[in-house]
Amino acid sequence: MSKKTAILGASPNPMRYAYLAAERLTIHDHPIVPIGIKQGEIFGEKILDLRERPEVKDLDTVTMYIGPKNQVEWEDYIISLLPKRIIFNPGSENPSLEKKAIEKGIKIDHACTLVMLRSKQY
């Protein structure tokens, strides 16, 4: 079953983990919605400008590639996307955002999206 996934911190730089996640999600037939401050396109999808707080419907997952310090101004926006879950990749853990998410019934995973995909746990 495909899971529409927003990649927060998306980047067109192939050396970034967010780029690798976009690649792997695409290979595994999960629709991606790249969102970040970098301009560009990845795997046929335009990177939406995080500063514009783009509306995204029917999200299954938000996978975080933004450090906790840089998440603060986006917390309410992230919650407003109403994903079923948020994956906090290593280094993106944020107790404040996690608490808000849990209060809204959003599942939290402390995991690596790449490992989850590789081990068929996505």
Matching residues in the stretch 42-99 - criterion: being within 19 Å of residue 22 (Cβ to Cβ) and of a type in the set (Gly, Ala, Ser): 44, 67, 91, 92
Pair list, Cβ < 6 Å and 6+ apart or interchain, from the stretch 86-97 residues that are in a strand (DSSP E or B) to residues that are of a type outside the set (Phe, Trp, Tyr) and at pLDDT below 95: none
Exception for residue 60 within (1) farther than 20 Å from residue 122 by Cβ; (2) acidic (Asp, Glu); (3) in contact (Cβ under 8 Å) with a residue 24 or more places away in the chain falls at (1)
Filter result (surrounded by 13 or more Cβ atoms within 10 Å (Cβ to Cβ) and either of a type in the set (Gly, Ala, Ser) or assigned to a strand (DSSP E or B) (or both)) within the stretch 42-66: 42, 45, 48, 49, 61, 62, 63, 64
Can you name the residue in the stretch 73-84 that is more than 12 Å from the chain's Cα centre (by Cα) and closer than 20 Å to residue 11 by Cβ and is also surrounded by the most Cβ atoms within 10 Å (Cβ to Cβ) among such residues? 74
Residues that are touching an Asp or Glu at 6+ places or on another chain (Cβ under 7 Å), surrounded by fewer than 14 Cβ atoms within 10 Å (Cβ to Cβ) and not hydroxyl-bearing (Ser, Thr, Tyr), drawn from the stretch 85-122: 110
Options 18, 22, 6: the member that is closer than 18 Å to residue 111 by Cβ, outside any loop (DSSP other than H, G, I, E, B) and in contact with a Leu (Cβ under 6 Å, 6 or more places away or on another chain): 6
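The values are calculated or read from the model by the stated rules, or taken from the named source; none is laboratory data. Model, not experiment: these values are computed from the prediction. Please note: Cβ atoms are built from the backbone with ideal geometry, for glycine as well, and neighbour counts cover all protein chains shown.
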